[in-house]
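Beneath this line is the structure, given in structure tokens, with notes to follow.
Coordinate-derived values only; no laboratory data. Every value quoted in this text rests on a predicted model; they were computed, and no experiment measured them. Backbone-built Cβ (ideal geometry, glycine too); neighbour counts: all protein chains shown.
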Amino acid sequence: CVCNAGYFGASCARTTLAQQSRVTARRALLSSLSELLIAEYPQQETVTSWIGMLTSIVQVNDELSNESGQELVTVLQTIMAAAQTGAVPTEVVQGLSSSIGSIPTYLKPSQATSAAAYQAYFENVMRTVLQQYCELLASDLTVQQQVLAIEPTFRVVTSSFYVRDGTSISAPLLPIEQ
């Protein structure tokens, strides 16, 4: 729905002040998690808890500002890098898909001035994050295992299969994947 001026949220029941308060709280939670990522050693249990915390923080994505979206991308990339080194199983890593789906579509760089520039920036950020996510998923797959993640802003299908030596494989790319 489209809210009247000065009202926000899924039910349009929040005032500007209430919305600003929630946006500020989400940003503070993301910042705290970001600091925690630096302070803790990335073991499987730790990364699992980070994923759970992040999922909770971003579950209401209309409370994320552009700045929070930027922080979300940084936190996601940090968690994925830690998961890669901490040998976190695919089943746990899959928990990141909803957080990736929460990256605001209005994410924009500070210098862009046009809608096309905003869209290009968002697509580039999503491409980078999704590539890292898919590589992380694929790193722990067993032969013939498949991972499927469907979110409002993306769809990921990652499969693992046995290939004989000397065989080459190619997959068609969508325009955003190129």
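Some observations on this one:
- The simple spin-label model puts a point 7 Å past each Cα toward its Cβ; for residue 123 and residue 78 those points are separated by 3.0 nm.
- Residue among 93, 129, 147 with the largest mean-square fluctuation in a Gaussian network model of the chain, springs linking Cα atoms under 10 Å: 147
- Put simply, the amide H of residue 153, placed in the peptide plane, has no neighbours under 5 Å, leaving out anything fewer than 5 places away on its chain.
- Note on volume of the Cα convex hull per residue in Å³: of the candidates (i) 142; (ii) 163; (iii) 125, the value calculated from this structure sits at (i).
- Most fluctuating residue given options 140, 62, 165, as computed from a GNM of the chain linking Cα atoms under 10 Å: 165
- Of the residues 38, 7, 114, the one whose Cα sits farthest towards the positive end of the charge dipole of the range 7-177 is 7 (charges of +1 on Lys and Arg Cβ, -1 on Asp and Glu Cβ, taken about the Cα centre).
- Cβ-based charge dipole, the chain, positive-most Cα from 160, 138, 56: 56
- Using a Gaussian network model of the chain in which every pair of alpha carbons under 10 angstrom is joined by a spring, one finds that among 11, 99, 32 the greatest mean-square fluctuation is at 11.
- Over the range 7-177, Cα pairs under 8 Å with separation of 6+ residues give a relative contact order of 18 percent.
- For the chain, the Cys residues with no second cysteine's beta carbon closer than 4.7 Å are 1, 134.
- Around residue 10: net Lys/Arg minus Asp/Glu count, Cβ-Cβ under 13 Å: 0
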